[in-house]
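J.: Mind looking over this structure? Questions follow.
The values are calculated or read from the model by the stated rules, or taken from the named source; none is laboratory data. Just so you know, these numbers come straight off a predicted model, no measurement behind them. Neighbour counts are summed over all protein chains in view; Cβ atoms, including those assigned to glycine, are modelled from backbone coordinates with ideal geometry. Please note that ligands, DNA and RNA were not included when accessible areas were found on the heavy atoms of the full protein model with its side chains. Shrake-Rupley method; radii C 1.70, N 1.55, O 1.52, S 1.80 Å.
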Amino acid sequence: MARLRAIVLSLCVVLGLLSGQSAAGRYYSDKVQDKVRKEVEKAMAYNPSVGAALVRLVFHDCWINGCDGSVLLDKTPTDGTNVEKKAVNNIGLAGFEVIDTIKQKVGAAASCADILVFAGRDAADILSGGKIFYTLAGGRKDGVVSSASAADATLPHSTFDFTQLQNNFAAAGHGFTVEELVVLSGAHSIGVAHLSSYQDRLDGATATPIDSDYQAALNKTTPLDLLKKGQDPAVPNNPRDASAAFQKDAAYDPVALGVSPARGVLDNSYYHNNLENKVLFKSDWVLRTDGFAAGKLQEYRDNATEWNSDFADAMVKLSGLPAQGKNLEIRKNCRFTNQQYYY
């Protein structure tokens, strides 16, 4: 009974984020998208952290050979089990069970690739309190190839410098501008990161500029020695979402920074944090080393409405990257190609 009350309370919190919308959330005339929405709402009510995971899945799928659901595969005829999920740069990916549940509901009426981008869109809508919303059409097909090595070769690394980031986003198959790079980086206002992804920021002698109090709090919470012990703990991407004790150690006061203290919200707080050197990744901080990108950081810090709109536009573009490859299909099960699937 206590667990049921907790779930109901969590559902009320999630639905409460849908400011300006009906208590039951957003509705779609398209039956597939409406089913996706209902399942995302239920999943986030049960586990609020899955929302950030669903948003992240969109980038990590579509950046590799377009939006083809390849990140969902457990194995393929050509790659075996060495699939994108196993990539180093895909550490901590989650939300797969939500996609599985939705697929069971919609069946052959939608591809896994469609389900993934619809779910990411709805998660962003909920996490932003209805301030980030965009429409998407269906019609994507599912790929039959999924390679861990291809994912690691294609996804941007947390240790990239600005030129590497710029080239990665502008590359063929992507075609994203520096402005869109800065826009999409704002998704780091939610979610978590593993120590192995920001370990380079903890060495005081070699780290790219990082606020000393924030660095000390990270070293206290996730000391580098943990990696030697085979441990790779995660912390919130956003110090706003950290514990009160961590915020005290990091000298982080969201209200003083002009950031809403509401935890887990997809908003422009990332830009406030970056301009205070309180971001986890080198690839976040290096945006400050380019004049145009640094100007956009300040612009989005000062204009949340503009960032909300630009983020929605960038997600539409990301969700529209066409699937590359042959033998595209609509999978029966999102974890296996149809060739491997057995009833």
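J.: With every protein chain left in place, what is the accessible area of Asp225 in Å² (1.4 Å probe, nearest 10)?
T.: Probe radius 1.4 Å; accessible area of Asp225 about 90 Å².
J.: For Ser149 paired with Thr289, estimate the spin-label separation in nm (one decimal), with each label point 7 Å from Cα along the Cα-to-Cβ line.
T.: So the two model labels end up 2.9 nm from each other.
J.: What does the convex hull of the Cα atoms come to per residue for the stretch 57-103, in Å³?
T.: 82 Å³
J.: FRET efficiency for Val255 and Thr101, Cβ-Cβ distance as r, R0 = 30 Å, nearest 0.05?
T.: Efficiency, from the Cβ-Cβ distance: 0.20.
J.: Hey, what's the stretch 51-126 come to in accessible area per residue, 1.4 Å probe, Å²?
T.: 27 Å²
J.: For Lys296, list the lysines whose Cα falls under 18 Å from its own Cα; do not include residues on the same chain fewer than 8 positions away.
T.: Filter leaves Lys278, Lys282.
J.: Further, regarding this structure: Quick one: P(r) of the chain from all Cα-Cα pairs, 20 Å bins, percents rounded to integers, in order of increasing distance.
T.: Spelled out per bin, shortest first, that is 31, 60, 9.
J.: Nothing charged except the Cβ atoms of Lys and Arg (+1) and of Asp and Glu (-1): what's the magnitude of the dipole of the chain about its Cα centre? Round to the nearest 20 debye.
T.: 1160 debye
J.: Using θ = phi - 60° and the Karplus form 6.51 cos²θ - 1.76 cosθ + 1.60, what ³J(HN,Hα) does each residue of the stretch 326-340 get, whole Hz, x for Gly and Pro?
T.: 10, 6, 5, 8, 10, 5, 7, 9, 5, 8, 9, 6, 5, 5, 9
J.: Between Lys229 and Phe133, what is the label-to-label distance in nm when each label sits 7 Å out along the Cα-to-Cβ direction?
T.: The answer from the label model is 4.7 nm.
J.: I would also like to ask the following. Measure off, as a whole percent, the carbon and sulfur share of the 1.4 Å-probe accessible area of the stretch 112-238, all protein chains present.
T.: It is 52 percent, rounded to a whole number.
J.: Given the protein chains as shown and a 1.4 Å probe, how many square angstrom of Asp74 are accessible, to the nearest 10?
T.: Per-residue accessible area (Asp74): approximately 50 Å².
J.: Next question. What list of ³J(HN,Hα) values in whole Hz, one per residue of the stretch 183-191 in order, does the Karplus curve 6.51 cos²θ - 1.76 cosθ + 1.60 (θ = phi - 60°) give from phi, with Gly and Pro shown as x?
T.: 4, 5, 4, x, 5, 6, 6, 10, x
J.: Something else about it: I'd like the chymotrypsin sites (Phe, Trp or Tyr not before Pro) in the stretch 230-272 restricted to DSSP loop residues with at most 10 other Cβ atoms within 10 Å, sorted by number.
T.: For chymotrypsin sites (Phe, Trp or Tyr not before Pro) across the stretch 230-272 that sit outside H, G, I, E and B with at most 10 neighbouring Cβ atoms in 10 Å, the list is empty.
J.: Okay, next question. Just from its helices, what would the mean residue ellipticity at 222 nm be for the chain, if runs of 4 or more DSSP H residues each count -39500 (n - 2.57) and the sum is divided by every residue, rounded to the nearest 500 deg cm²/dmol?
T.: Mean residue ellipticity at 222 nm (helix-derived): -13500 deg cm²/dmol.
J.: GNM, the chain, Cα, under 10 Å: largest mean-square fluctuation among Gly230, Gly139, Gly66?
T.: Result: Gly230 has the largest fluctuation of those listed.
J.: May I ask for the longest run of the chain untouched by trypsin sites (Lys or Arg not before Pro) that are loop-located per DSSP and have at most 13 neighbouring C-beta atoms (other than their own) within 10 Å?
T.: Within the chain, the longest run free of exposed trypsin sites (Lys or Arg not before Pro) spans 1-228.
J.: Moving to a separate point now. List the lysines whose Cα sits under 25 Å from the Cα of Lys38, skipping any in the same chain fewer than 8 residues away.
T.: Lys103, Lys105, Lys131, Lys141, Lys317, Lys332
J.: Name the aspartates and glutamates eligible as straight-distance cross-link partners of Lys86: C-alpha to C-alpha under 16 Å, and not fewer than 8 places from it in the same chain.
T.: Asp61, Asp74, Asp152, Asp232
J.: Continuing with the same structure: Between Glu306 and Asp161, what is 0.36 nm times their sequence separation minus the Cα-Cα distance? Round to one decimal in nm.
T.: Full extension of this stretch gives 49.6 nm more.
J.: So for the stretch 138-291, taking the charge dipole from beta-carbon charges (+1 Lys/Arg, -1 Asp/Glu), which of Thr177, Gln231, Asn268 sits furthest toward the positive end?
T.: Checked the options; the winner is Gln231.
J.: Could you tell me the accessible area of Thr163 in Å² (1.4 Å probe, neighbours in place), rounded to the nearest ten?
T.: So the heavy atoms of Thr163 present about 80 Å² to solvent.
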